[in-house]
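Novice: Dropping the structure in here first, questions after.
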Amino acid sequence: MKNNKQQEQLFICKPCGYVMKESELTDVCPACGLPRKVFEQYKERMSPGRSKILRLDLHPIAVHFPQTMLVFLMQALILNLFFPNFYPDVLLGTATFSAVVFPFAVLGAFLSGLIDGKLRFKSVTTPILVKKIIYSVVMFAVSVVIPFIVWNGIHHLSTKLWLLVCGSIALFCAIMLGHAGKRLMNIGMGGAVKVWGWKI
Ligand code: HEM
């Protein structure tokens, strides 16, 4: 029974590239809506272990945490600068919380990215991944500085302006990381990969 499930055929929608299990096929492609006849059999090139871990989408999920914290931080600060009497405690509290959590969220995205890159391309020293590592290091360095700036007292105008400068640098890195990452989605080398001597 388990063996049957493991060997279940995969099908790909030829026009849009959406991949589904045979048992999940419906009358139309759930992604593009074209009829079932456009599907053809799909052969997974990666080893089952690798594709299983990649299908958990750890990195695409993890990247949303730093992005959310950054948006909270910037939005709360900008609103507070333009409307100082509009819920100041709530906005500055939100900015402080986001600033403190931000480095942990960036670290999570960074580490999950390294795992994703290694599993997909068997190495993290490829040209696009090296570019991503550089932007990640810059983003992480800025994210570590941000809580120290907040420490100075978030009510000061100079603190808010420094936070906006650091936030803008982090936002630029996040955009560059997203652009580079988007091009790597749904691709990867075939076969198995060795991670810390462990073949998957
Ligand atoms: C703070 C650090 C990082 C951020 C914010 C980030 C952001 C992103 C984003 C937004 C995407 C597109 C995912 C989507 O739209 O769902 C992505 C994909 C990707 N990133 Fe990153 N990235 C980071 C670090 C890294 C690192 C260090 C690597 C590897 C060296 C990496 C490798 C990848 C790969 C391989 C993909 C394609 C993922 C997939 O389809 O599962 N990322 N990244």
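The values are calculated or read from the model by the stated rules, or taken from the named source; none is laboratory data. Remember, it's a predicted structure, so these values are computed and weren't measured experimentally. Virtual Cβ from ideal backbone geometry, glycine too; neighbours counted across all protein chains shown. We work out accessible area using only protein heavy atoms, side chains counted, and drop any ligands, DNA or RNA first. Shrake-Rupley method; radii C 1.70, N 1.55, O 1.52, S 1.80 Å.
Novice: Looking at Leu111 and the list (1) within 16 Å of the ligand (Cβ to nearest atom); (2) within 15 Å of Met69 (Cβ to Cβ), which single condition is not satisfied?
Specialist: Result: Leu111 passes all but (2).
Novice: Return the residues of region 69-96 that are surrounded by fewer than 17 Cβ atoms within 10 Å (Cβ to Cβ) and without any contact (Cβ under 8 Å) to a residue 24 or more places away in the chain; say none if nothing qualifies.
Specialist: Selection gives Val71, Gln75, Phe82, Phe83, Pro84, Asn85, Phe86, Tyr87, Pro88, Asp89, Val90, Gly93.
Novice: With (1) aliphatic (A, V, I, L, M); (2) farther than 12 Å from His59 by Cα; (3) within 7 Å of the ligand (Cβ to nearest atom) as the list, and Val106 as the residue in question, which single condition is left unmet?
Specialist: (2)
Novice: Does region 142-200 hold any residues that are away from the ligand (no atom under 16 Å from the Cβ), part of a helix (DSSP H, G or I) and open to solvent by 20 Å² or more (accessible area, probe 1.4 Å), and which are they?
Specialist: Across region 142-200, the qualifying residues are Pro147, Phe148, Ile149, Trp151, Leu157, Ser158, Lys160, Leu161, Trp162, Leu164, Val165.
Novice: Inspect region 42-52 for any residue being in contact with a Leu (Cβ under 6 Å, 6 or more places away or on another chain), open to solvent by less than 70 Å² (accessible area, probe 1.4 Å) and within 25 Å of Leu111 (Cα to Cα) and give the result as yes or no.
Specialist: Yes, that holds for at least one residue.
Novice: Something else now. Can you find a residue in region 171-184 that is among the hydrophobic types (A, V, I, L, M, F, W, C), without any contact (Cβ under 8 Å) to a residue 24 or more places away in the chain and within 21 Å of Phe97 (Cβ to Cβ)? Give the derivation first.
Specialist: Initial filter on region 171-184 (among the hydrophobic types (A, V, I, L, M, F, W, C)): 171-177, 180, 184.
Okay, now just the ones that are also without any contact (Cβ under 8 Å) to a residue 24 or more places away in the chain, so 172, 175.
From the residues that got through so far, the ones that are within 21 Å of Phe97 (Cβ to Cβ) too are none.
No, the conditions are met nowhere in region 171-184.
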